[in-house]
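Written out below as structure tokens is the structure these notes cover.
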Amino acid sequence: MFKTLLCALAVLAAHPAGAQSYPSQPIRLIAPFPPGGSVDIMARLIAEPLAHELGGKMVIDNRSGASGNIGMEAAARAKPDGYTLVLNTIPLATNQALFDKLSWDPVKDFAPIGMVATAPHVLVVPGKSKVTSVEDLVKTARASPGKLNYASAGVGTTFHLCAEMFKDSTSTFILHVPYRGGGPALLDTLAGQVDMSFPTLSAALPHVKAGTLRALAVTDTTRSKLLPDVPTMQQAGVKDFQFTQWLALLAPANTPRDVVQRVNGALRAALSSKEMTEKFNQQGFDAYLTTPEEAGKFIAAEVQRFAKVIKSRKITAE
């Protein structure tokens, strides 16, 4: 009898009760950016269906500031028990190269749960611009280096990095005009105060439809269903160009593997519904279903890719 009891205790020790009953308390989902942005919007879109699949509750915690670093540090230092998750986008992969002193590591400090979604950016010019194609734009930029300029949402943002990758790929010199956010950058592009910009597709779409912006190319490798007549950058002649915004769900490093797998399964189930597909599409996103291992490989590759761009273009956030 005593030996049987010892065996039972050994089994319980190997499979902690917390993992078996997870979740037994509300899960905190950190969104490391302010309310209203794409990360916050997507966090709120996935929180309820994800919690439903897990059979628990989820609370959004907007920990904004320092380009997402405050929220990411909070997530990295949280107890690795599955009750703190974090949703982030490209700053997860870029901040290590942008900031000299970072208190968290994008690979070592997190256990990837899975990718969530992807969305292209789009190269736009004002609706009244004489430029009608990527080829026109590149010819103009090469003929008069520094004459053209582009608006970004700020140094190190996706707008900025996408444009710098475009300049690298086309061997052009186009001046950078940084703004305090994507909204002001888009407004001055609409007004013709700047020559071009690389906003997210969802932000640009209403203006493209209205004719106040002209879309020259989307930055993904396939055309967008929302703008089927607009070519990809590769189709427009920019060889091997690809840039997509993405979102990944993570937990602190050392979160139990069975908890990670449990959340991954719930995430994949939540993202597979027709309702979620429609909601994502309304925001310009497509669901991106992966295993934790696939997400980890993707993030590590993006960290390396962006580090090269940031170093070659001498970009710094400090």
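Quick notes
- Residues of region 120-148 that are in a loop (DSSP other than H, G, I, E, B) and under 17 Å from His176 (Cβ atoms): Ser144, Pro145, Gly146, Lys147, Leu148.
- Thr89 being open to solvent by less than 30 Å² (accessible area, probe 1.4 Å) and within 18 Å of His160 (Cβ to Cβ): yes
- Unique match (being within 20 Å of Thr219 (Cα to Cα), at pLDDT below 95 and among the hydroxyl-bearing types (Ser, Thr, Tyr)) among Thr132, Thr157: Thr157
- Selected residue (only one of Thr170, Thr157 is under 22 Å from Thr89 (Cβ atoms) and not aliphatic (A, V, I, L, M)): Thr157
- When residues of region 44-95 are limited to those that are of a type in the set (Lys, Arg) and under 19 Å from the mean Cα position of the chain (by Cα), the one nearest to Ala119 (Cα to Cα): Arg44
- Enumeration of residues in region 203-226 that are open to solvent by less than 50 Å² (accessible area, probe 1.4 Å) and of a type in the set (Ser, Thr, Tyr): Thr219, Ser224
- Matching entry among Thr170, Thr157, Thr189, Thr200 (being of a type in the set (Val, Ile, Thr) and either out of contact with any helix residue (DSSP H, G or I) (no Cβ under 9 Å at 6 or more places or on another chain) or free of Cβ contacts under 8 Å to residues at least 60 places away in the same chain (or both)): Thr157
- Taking the numbered list (1) in contact (Cβ under 8 Å) with a residue 60 or more places away in the chain; (2) touching a Ser or Thr at 6+ places or on another chain (Cβ under 8 Å); (3) open to solvent by 10 Å² or more (accessible area, probe 1.4 Å) in turn, Val238 passes all entries but (3).
- Of residues in region 216-269 being among the aromatic types (Phe, Trp, Tyr) and assigned to a loop (DSSP other than H, G, I, E, B), the one farthest from Val39 (Cα to Cα): Phe241
- Taken over region 113-133, the criterion of being surrounded by fewer than 24 Cβ atoms within 10 Å (Cβ to Cβ) and touching a Gly at 6+ places or on another chain (Cβ under 6 Å) is satisfied by Pro126, Gly127.
- Out of Gln261, Gln304, Gln282, one residue alone is closer than 30 Å to Ser171 by Cβ, open to solvent by 50 Å² or more (accessible area, probe 1.4 Å) and not hydroxyl-bearing (Ser, Thr, Tyr). It is Gln304.
- Subset of region 134-148 (residues that are surrounded by 12 or more Cβ atoms within 10 Å (Cβ to Cβ) and of a type in the set (A, V, I, L, M, F, W, C)): Val134, Leu137, Val138, Ala141, Leu148
- Candidate set: region 33-62, residues that are at pLDDT 95 or above and in a loop (DSSP other than H, G, I, E, B); chosen: the one most open to solvent (accessible area, probe 1.4 Å): Lys57
- Qualifying residues in region 168-185 (those that are open to solvent by less than 20 Å² (accessible area, probe 1.4 Å) and touching a strand residue (DSSP E or B) at 6+ places or on another chain (Cβ under 9 Å)) - the one modelled with the lowest pLDDT: Ala185
- The residues listed here are Val155, Val131; of these, the one that is of a type in the set (A, V, I, L, M) and over 22 Å from the mean Cα position of the chain (by Cα) is Val131.
- Residue, farthest from Tyr150 (Cα to Cα), within region 203-235, restricted to residues that are free of Cβ contacts under 8 Å to residues at least 60 places away in the same chain and β-branched (Val, Ile, Thr): Thr222
The values are calculated or read from the model by the stated rules, or taken from the named source; none is laboratory data. What you are looking at is a predicted structure, and each value in this text was computed from that prediction instead of being measured. All Cβ positions, even for glycine, are placed from backbone atoms using ideal geometry, and neighbour counts span all protein chains on display. Please note that ligands, DNA and RNA were not included when accessible areas were found on the heavy atoms of the full protein model with its side chains. Shrake-Rupley method; radii C 1.70, N 1.55, O 1.52, S 1.80 Å.
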